Amino acid sequence: MATNSTGYNNVVGLLNIFPDEGACAQHLEQLRWPDGKVVCQWCESTRKIHRLSRPGIYKCGDCRKEFSVRKGTVYEESRIPLQKWFLATFLMVTSRKGISSCQLAREIGVSQKTAWFVLGRLRKAAAQASSAAGTLPGPVEADESYLGGKNKNRHASQKQPGRGPSGKMAVAGVVSRESKKAVAKKVERTDAATLVPFVEGATVPGSTVYTDDAPMYDALPSMFNRLHHETVNHSAGEYVRGKAHTNGVESFWALLKRGYTGVFHDITWKHLDRYLAEFSQRWNMLGLSSEERIDAILKAGVGERLTYEELTA
Ligand SMILES: [Zn+2]
């Protein structure tokens, strides 16, 4: 096992500790079945599971069928070596703004189409990890923001739904001052009927919510009578009044926008939530070591059974 004291916090350590399919498959197995009981992916038996000589392949003594450690996970239906998945995960979680499919293709030696597929799956894992964090403990900051170019500048075939009057894509976000975690979601509209339920759903009941003085948040306390609401009056030039500021969520938007203009300038409305999950999860893992971040994504990737629709969407 690990002889390198740096673990896999850097790419050399990662390649040393996971030199081949066998080492990677063993690590995925430990993350997927931490109690050591491998579960048959056909009949759910844990009674007599035999490890075959091929890495990550098992045979069930009850139903006599074979299955892989990848079955039912984001790594299913892919012949990409697990080491490339691990490297891609490393690059995604350690780059500040994310990594484009073109760059990933060069880094791990696959086609751009394959890199696109890998990143799509890793975003699903990030979304699982992000949603597992649950509702955010208060106090929180809530805000909305806009991404993208103007719809009127696009060719008719490129015009996208879900764009506001400016033609930009609207996103809503909540950042917890307590846990430092973030939740963000694309929104069709930035009205009270859309934003207030989003904030309420993302936040532990009874929390104080800080927003700017945009009128759509006025309904926060009255609609649900569960959240305390404090505003900072941006329109009057007020940016910080005691605790009433939204610096946390504004830092999150700043990072998202740097990623959008620098790396992912072609994000479409259809895929926007996945990128938001990737950015949120990266934000949520800022306090962790690279090794812990990699394992969080790998574990989320094998942790929950995805439906066929989710896998192929
Ligand atoms: Zn079985």
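The values are calculated or read from the model by the stated rules, or taken from the named source; none is laboratory data. Keep in mind it's a predicted model, so treat the numbers as computed, not measured. Neighbour counts run over all protein chains shown; Cβ positions are idealised from the backbone, glycine included.
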With respect to ASP35, is the statement that it is at pLDDT below 95, out of contact with any strand residue (DSSP E or B) (no Cβ under 8 Å at 6 or more places or on another chain) and of a type in the set (D, E, K, R) true? yes
For SER95, the lone unmet condition from (1) within 16 Å of the ligand (Cβ to nearest atom); (2) closer than 30 Å to ALA254 by Cβ is (1)
Those residues of segment 24-41 which are within 16 Å of the ligand (Cβ to nearest atom) and either surrounded by fewer than 14 Cβ atoms within 10 Å (Cβ to Cβ) or aliphatic (A, V, I, L, M) (or both), in sequence order: LYS37, VAL38, VAL39
Looking at GLY22 and the list (1) part of a loop (DSSP other than H, G, I, E, B); (2) over 26 Å from the mean Cα position of the chain (by Cα), which single condition is not satisfied? (1)
Are any of the residues in segment 102-125 crowded, with 18+ Cβ neighbours inside 10 Å, more than 14 Å from the ligand (Cβ to nearest atom), over 30 Å from TRP253 (Cα atoms) and touching a residue at least 40 places away in the same chain (Cβ under 8 Å)? no
Looking only at segment 55-91, count every residue that is at negative phi, within 16 Å of the ligand (Cβ to nearest atom) and part of a loop (DSSP other than H, G, I, E, B) and tell me the total. 6
